[in-house]
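**Q** Sharing a structure with you now.
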Amino acid sequence: MSYTPNFMHFLIQTGQYEINPYNEIEHDKDGKPVPNPGNRTFKLTEKSHELRKEAMRIFCEKYPPMKELPDKLPEVLRIPELSRWEEHSKDGYHLYYGFAITPVQLRETLRRKREENPARWSARIYARDPSQVVLEAIKEASGMVFDYRRLWVGHTLQGREEDSTHKVALIALYSNDMAKEDKRGTAYTQEEEAQVINWIAQVVSPVTKQEQPLWYWDGLYHRPCWSDIARLRALGIVTVENAGPQVPRQRPLLTRELLNRYGM
């Protein structure tokens, strides 16, 4: 169940909402939630930010990238209804086989490319979307024969920098349902796959030190849901005691006075 910010504030102020330590909202001197600019959410407390970082660290340790897919993936990460949202998932899981590169490493790749050839890499698009630098550089590494549109560009949570909550870009050959097929549905031959891996590694390895592809969890679907304490516990990443469900304790008494007070 979700609530508008004003209604959430009403529930909190009247003691009818149990605070989730991973979702604690920052309040101003008047006791009102501090909104995030540009959207209808509230700023989190520093405590919640720190708890999330620690939970993310544990999550990435418990569910790391893999050299090979096991016969059975962790049931706790399975999303039975995933096939309705993601056509390239399989059995409730969505993973990519490829190389991870962090935002910092993407910017470093761009910096190096601009040092080598300022005119070639000066376009603004590369600053706006550094992953495009990697794709273009892969094409160059292939002698301009490889169409990088065959690759997947995804995101994962594994491989983040220390204390970072940013997602990590993935340059992937295929996903777990594609039977070694590229984004267009064309299967790689064994020789071709080895060539593509080599071209990607030439571009990303100097900054990432990763020389071979791994299987990465998709960062959109396989990630902690901070409002669901039961799921966080099932993932084994809860680090705070007495973390309870984030639900209304009782039905709020909505009088006209209270509705006016909270702008509803």
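The values are calculated or read from the model by the stated rules, or taken from the named source; none is laboratory data. On a predicted model such as this, the values are computed, not experimentally measured, just so you know. Virtual Cβ from ideal backbone geometry, glycine too; neighbours counted across all protein chains shown. Just so you know, the surface numbers come from the protein's heavy atoms only, side chains and all, with ligands and any DNA or RNA stripped out. Shrake-Rupley method; radii C 1.70, N 1.55, O 1.52, S 1.80 Å.
**Q** Would the range 54-63 turn up any residue that is within 30 Å of Ala187 (Cα to Cα) and either outside any helix (DSSP H, G or I) or modelled with pLDDT of 90 or more (or both)?
**A** From the range 54-63, those within 30 Å of Ala187 (Cα to Cα) are 63; that's our starting set.
Restricting the remaining residues to those that are either outside any helix (DSSP H, G or I) or modelled with pLDDT of 90 or more (or both) gives 63.
Yes: one or more hits.
**Q** Ok, one more. Which of the numbered conditions does Gly92 fail, given that it passes all the others? Conditions: (1) more than 21 Å from the chain's Cα centre (by Cα); (2) on the phi > 0 side of the Ramachandran plot.
**A** Tallying (1) more than 21 Å from the chain's Cα centre (by Cα); (2) on the phi > 0 side of the Ramachandran plot, Gly92 fails exactly one: (1).
**Q** Quick check on the range 190-208: of everything there that is touching a helix residue (DSSP H, G or I) at 6+ places or on another chain (Cβ under 9 Å) and open to solvent by 60 Å² or more (accessible area, probe 1.4 Å), which residue is nearest to Arg112 (Cα to Cα)?
**A** Out of the qualifying residues, it is Gln202.
**Q** Out of Lys62, Lys43, I need the residue that is under 20 Å from Arg233 (Cβ atoms) and out of contact with any Ser or Thr (no Cβ under 8 Å at 6 or more places or on another chain). Which one? Step through it out loud before you land on a result.
**A** Numbers: Lys43 fails: under 20 Å from Arg233 (Cβ atoms).
Result: Lys62 is the single residue among Lys62, Lys43 that is under 20 Å from Arg233 (Cβ atoms) and out of contact with any Ser or Thr (no Cβ under 8 Å at 6 or more places or on another chain).
**Q** Would you pick out the residues in the range 108-136 that are modelled with pLDDT under 90, under 24 Å from Leu214 (Cα atoms) and among the charged types (D, E, K, R)?
**A** Matches in the range 108-136: Asp129 only.
**Q** Identify, please: which residue in the range 1-33 is in a loop (DSSP other than H, G, I, E, B), more than 20 Å from Ala230 (Cβ to Cβ) and open to solvent by less than 30 Å² (accessible area, probe 1.4 Å) and is, among those, modelled with the lowest pLDDT? So that I can check it myself, show each step before the final result.
**A** Filtering the range 1-33 down to residues in a loop (DSSP other than H, G, I, E, B) leaves 1-4, 14-16, 18-24, 26, 28-32.
Filter once more, keeping what is more than 20 Å from Ala230 (Cβ to Cβ): 4, 14-16, 26, 28-32.
Applying the additional criterion that residues be open to solvent by less than 30 Å² (accessible area, probe 1.4 Å) yields 16, 31.
On the way: Gln16: 48, Gly31: 81.
Looking at the filtered set, the residue picked out is Gln16.
**Q** Continuing with the same structure: Name the single residue that is least open to solvent (accessible area, probe 1.4 Å) among those in the range 34-59 being under 25 Å from Val168 (Cα atoms) and touching a strand residue (DSSP E or B) at 6+ places or on another chain (Cβ under 9 Å). Walk me through how you get there before you give the answer.
**A** Initially, the range 34-59 is screened for residues under 25 Å from Val168 (Cα atoms), giving 36-39, 41-59.
Right, trim to touching a strand residue (DSSP E or B) at 6+ places or on another chain (Cβ under 9 Å) and you get 36, 41-45, 48, 52.
Working: Asn36: 46, Thr41: 68, Phe42: 40, Lys43: 80, Leu44: 31, Thr45: 29, Ser48: 0, Arg52: 52 Å².
Among residues in the range 34-59 that are under 25 Å from Val168 (Cα atoms) and touching a strand residue (DSSP E or B) at 6+ places or on another chain (Cβ under 9 Å), the one least open to solvent (accessible area, probe 1.4 Å) is Ser48.
**Q** Next up: Looking at the range 98-111, I want the residues that are under 17 Å from Ile125 (Cα atoms) and have a partner that is outside any helix (DSSP H, G or I) and open to solvent by less than 20 Å² (accessible area, probe 1.4 Å) with Cβ atoms under 7 Å, at least 6 apart or on another chain. Which pairs are those?
**A** The qualifying pairs are Leu106/Ala169; Leu110/Trp121.
**Q** For Leu220, all conditions in the list (1) at pLDDT 50 or above; (2) out of contact with any strand residue (DSSP E or B) (no Cβ under 8 Å at 6 or more places or on another chain); (3) open to solvent by 60 Å² or more (accessible area, probe 1.4 Å) hold save one; what is the number of the exception?
**A** (2)
**Q** Just need a number here: residues in the range 113-139 that are among the charged types (D, E, K, R) and under 20 Å from Tyr188 (Cβ atoms). Before the answer, list the steps.
**A** The initial filter retains those residues of the range 113-139 that are among the charged types (D, E, K, R), namely 113-116, 120, 124, 128-129, 136, 139.
Add one more test, that the residue is under 20 Å from Tyr188 (Cβ atoms), and what stays is 139.
So the count comes out to 1.
**Q** I'm trying to understand the selection: among the residues of the range 155-170, which are modelled with pLDDT of 90 or more and of a type in the set (Gly, Ala, Ser)?
**A** Ala169
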